[in-house]
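Read-outs: derived from the displayed coordinates by stated rules, not from any lab. All values derive from a computational prediction rather than experimental measurement. FYI the Cβ positions are ideal-geometry reconstructions off the backbone, even for glycines, and counts take in every protein chain you see.
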Amino acid sequence: MNTTVVAIDGPAGSGKSSVSKAAAAKLGFAYLDTGAAYRALAWFCLERGIDTVGADGITDALSEFDFSIGTDPDAYFVRVGGDDVTGDIREPRVTKIVSSVARVPEVRSYLVALFRKIMAGVPNGGIIVEGRDITTVVAPDARVRILLTATEEARMGRRSAELTGVDASTTARELSSRDAQDSRVVDFMNAADGVTTIDSTDLDFEQTVQAVVGLVHSAVDKRGAVDKHREADKHSAVDKHRPHNP
Ligand SMILES: Nc1ncnc2c1ncn2[C@@H]1O[C@H](COP(=O)(O)OP(=O)(O)O)[C@@H](O)[C@H]1O
Ligand SMILES: Nc1ccn([C@@H]2O[C@H](COP(=O)(O)OP(=O)(O)O)[C@@H](O)[C@H]2O)c(=O)n1
């Protein structure tokens, strides 16, 4: 079966993870959170006491980085070796260093290859893959490519609502400096050619999920129509060339 790949990029707090997971569940698709892999590697470096200022220690760590992730949107998990790190990778100490880990070219090529392998092995009819470079690097040929945005104010408001006990202005400062650092590696603020922008600033969560699901449905319907057309053309070509037996 042909897997429908849906690629979603966007800045921190735009709703990539939560919206992609909910949309995947609605569509019966798999879900791949690529940011979780960068976070898990950052967590692994902290556990091992690896210096993340220089790139060498991080690159060396890749050979021992035993990462696994759940792609069922209803049974999401992130593991490193025998440790379930699903919650730990969201800790502020990980968020603080993740961009330093993600800027290393060897890390990016290693993880991009891993993402493609995971995408190729999904059992479902489709997969939603979300991150920063999915529409441009990981899956530029995806059937549906989306840039999910929201104003900085909306994104910061959403993120600080999630992080209880952390001062809102600290969250805002950290989010904007992480976006700035990440933007130096890949452009996820501007839609590449052929990428559809969904601005969720004035949409609630359900409306945003619906916008993604709607784009997927129309792309799949369009593809179905093209396939039917091709099939009809094929048959008429066969009929044309069939020897006429009176
Ligand atoms: N359209 C929306 N309206 C309101 N809240 C939203 C919307 N989209 C996402 N959220 C909430 O914003 C927060 C950040 O979303 P998240 O999926 O973690 O973003 P990202 O993965 O892009 O960093 C979550 O609490 C999520 O439920
Ligand atoms: N495709 C991706 C996904 C994430 N990342 C990095 O991983 C970090 C964490 O990603 P995330 O999606 O979990 O971040 P949030 O937007 O959820 O806060 C980002 O800040 C980037 O540094 C990346 O470089 N490329």
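Which translational diffusion coefficient, to the nearest whole µm²/s, is obtained for the chain from the Stokes-Einstein equation, given a Kirkwood hydrodynamic radius over C-alpha pairs, 10 °C and 1.306 mPa s?
Using the Kirkwood radius from Cα pairs, D works out to 82 µm²/s.
Order of T34, T201 from fewest to most other C-beta atoms within 10 Å?
If I rank by nearby Cβ atoms, fewest first, I get T201, T34.
Would you mind computing the Rg to Rh ratio of the stretch 34-172 from its alpha-carbon coordinates, Kirkwood style for Rh?
0.96
Report ³J(HN,Hα) in whole Hz for each residue of the stretch 147-152, in order, from the Karplus equation J = 6.51 cos²θ - 1.76 cosθ + 1.60 where θ = phi - 60°; Gly and Pro get x.
9, 9, 10, 6, 4, 4
Compute for the stretch 1-69: radius of gyration divided by Kirkwood radius, i.e. Rg/Rh, restricted to C-alpha atoms, rounded to two decimals. Spell out each step's value before the answer.
On the way: Rg = 15.5 Å, Rh = 14.3 Å.
When Rh is taken as the Kirkwood radius, the ratio is 1.08.
Taking the Cβ of S200 as the centre, find all other residues whose Cβ is under 14 Å away and add up their charges (Lys, Arg: +1; Asp, Glu: -1).
-4
What length, rounded to one decimal in nm, is gained on full extension from E162 through to S218, with 0.36 nm per residue of separation minus their alpha-carbon distance?
Using 0.36 nm per residue and subtracting the Cα-Cα distance, I get 16.9 nm.
Normalising by the residue count of the stretch 66-189, find the relative contact order in percent from Cα pairs under 8 Å and 6+ residues apart.
Working: 65 pairs, mean separation 24.7, N = 124.
Dividing the mean separation by the residue count of the stretch 66-189 yields 20 percent.
Using the crude model of +1 on Lys and Arg Cβ and -1 on Asp and Glu Cβ, and no other charge, please compute the dipole size for the chain relative to its Cα centre, in debye to 20.
Computed about the Cα centre, the dipole is about 780 debye.
Taking the number of other C-beta atoms within 10 Å as the exposure measure, put F67, F77 in order starting with the fewest.
Listing F67, F77 from fewest to most nearby Cβ atoms yields F77, F67.
Could you pull out every residue, at least 5 positions away or on a different chain, whose amide H is within less than 5 Å of the one on T151? Hs are placed 1.01 Å off N in the peptide plane, and Pro or chain starts have none.
Here T201 satisfy the definition.
Between R184 and A120, how many nm apart are label points set 7 Å from Cα along the C-beta direction?
Label at R184, label at A120, 3.3 nm between them.
Can you give me the distance in nm between label points at A113 and D51, each placed 7 Å from the Cα along the Cα-to-Cβ direction?
2.6
Could you work out how far apart the two model spin labels at D74 and D199 are, taking each label as a point 7 Å from the Cα in the direction of the beta carbon, and quote it in nm?
Going from the D74 label point to the D199 one covers 3.6 nm.
Using a 10 Å cut-off around each Cβ, can you sort L148, L175, L32 from fewest to most neighbouring Cβ atoms?
Ordered from fewest to most neighbouring Cβ atoms within 10 Å, L148, L175, L32 come out as L175, L148, L32.
Counting alpha carbon pairs within less than 8 Å and at least 6 residues apart, what relative contact order, in whole percent, applies to the chain?
Value for the chain: 31 percent.
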